[in-house]
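What follows is a set of notes on a single structure, which appears directly below.
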Amino acid sequence: MCYSFCMIDWKEFARFIAPDCPRCDFIVSYLEKRGVHAVVLPIEDKKHIYVVFPKECYNPAFTIKTVVAHYDRFEGSPGANDNSSSVFALMDWAVRLQRSGRAHNVRLIFTDGEEMCGSSGAAGGKGEAVAIGATVASGAPAASSGAATVSAQGAFGLASVFRRLGITDDDVFVFDCVGRGTIPVLGRSTLGKGISTRFKKRFAALQARTEQVLRAASGGVFVNLPVSYSDNAGFLACGIPAVAVTLLPADEAHKYMFDLVQVPVLEAFVMNRPVPDCFDRAKLAAMLPDTWRRFHTVNDDIASLSEESFALMERILHGLAELRTYSA
């Protein structure tokens, strides 16, 4: 199938990032007008949006692919890239999936409350450190300040429901800030001690499948780099393997890779792990990609987005829809 960038409705996009837009209602309405049913799932004080595909879209022989993007935004910022870009890419994908009439095994959820996870993180305040090892080993939230912050995240409550219902074998793909650049970035996650061999194998297999999709969509070009946790934090903290994908412009990705080698502590800063007091945090923040420094500011606007990014996302999502993994 061949898709074109013109499918993005920029007038609708501008409405979505307007300061007074009721974003939850907008998403449900946008989908319903295009023949896709969606329902609001209230969990704790968050409103997640679940896309209801017909039952014939699911083949029990294959693993379910849970695909997630948060629709909330930082107060005072247009949130064009963080994370309206992912929301629009996934909404239009949902329309294509609905019209295809094929089994795709996609469970699509727009989450609320991602920005609750830390307000002063390195990359625009997008997350805290996650004590994954202790959580996976015990099956309960890890007792650390980072995990405590993650527990306030909307995806944590959603993932907790998944766990209670026994939905722990999905492949979980999180998309965050995909409106700038042509380099797919697979977020690097550091697994702590005490993690089961089964979890490690499942997580490694999920990463490998994600890399496969990213390579195919980008002509073999992708990078695995430290990225502040997004909704993947909530799933990981509940013992459910999840990966996060974002995009960066090529020049920003190259410079970031160079700086990580030159200043190794930059990775700890980005992942919100402890940084020695001798390092100037302002200087570390200045080393972050320009795309990330726009997060939570008025500069995260529609003018900062690139058409090429949405074209690449269409290819990534098409590859994800075609991905088939036999159920365990």
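Pick from Ala286, Ala159, Ala244 the residue whose mean-square fluctuation is largest in a GNM of the chain, springs joining Cα atoms under 10 Å.
Looking only at Ala286, Ala159, Ala244, the biggest GNM fluctuation is shown by Ala286.
Checking the table Lys201/Lys255; Lys33/Lys55; Lys65/Lys255 against a 23 Å threshold on Cα-Cα, which pairs fail?
Violating the 23 Å limit, Cα to Cα: Lys201/Lys255; Lys65/Lys255.
Per-residue HN-Hα couplings for the stretch 208-224, Karplus 6.51 cos²θ - 1.76 cosθ + 1.60 at θ = phi - 60°, whole Hz, x for Gly and Pro?
4, 5, 5, 4, 4, 5, 5, 4, 5, 7, 10, x, x, 9, 7, 9, 10
How compact is the chain by the rule of thumb for globular proteins, expressed as Cα Rg over 2.2 N^0.38 Å?
0.93
Could you list which residues have their amide H under 5 Å from that of His37, counting only those 5 or more apart in sequence or on another chain, with H placed in the peptide plane?
Excluding prolines and chain starts, which carry no amide H, the hits are Val52.
Points 7 angstrom from Cα along the Cβ direction at Tyr50 and Thr190: gap in nanometres?
Going from the Tyr50 label point to the Thr190 one covers 3.6 nm.
I need the phi-derived Karplus couplings for the stretch 171-188: 6.51 cos²θ - 1.76 cosθ + 1.60, θ = phi - 60°, integer Hz, Gly and Pro marked x.
8, 10, 10, 10, 10, 9, 6, 10, x, 9, x, 10, 10, x, 10, 8, x, 7
Which whole-number value in Å² is the accessible area per residue of the chain, probe 1.4 Å?
41
Which percent of the accessible heavy-atom area of the chain goes to carbon and sulfur, probe 1.4 angstrom?
Carbon-and-sulfur percentage of accessible area, whole number: 57.
When only Cα pairs under 8 Å and 6 or more residues apart are kept, what is the percent relative contact order across the chain?
Working: 641 pairs, mean separation 78.1, N = 328.
The normalised contact order for the chain reaches 24 percent.
The values are calculated or read from the model by the stated rules, or taken from the named source; none is laboratory data. This structure is a prediction, so every number in the text was calculated from the model and none was measured. FYI the Cβ positions are ideal-geometry reconstructions off the backbone, even for glycines, and counts take in every protein chain you see. Surface accessibility is based on the protein's heavy atoms, side chains included, excluding ligands, DNA and RNA. Shrake-Rupley method; radii C 1.70, N 1.55, O 1.52, S 1.80 Å.
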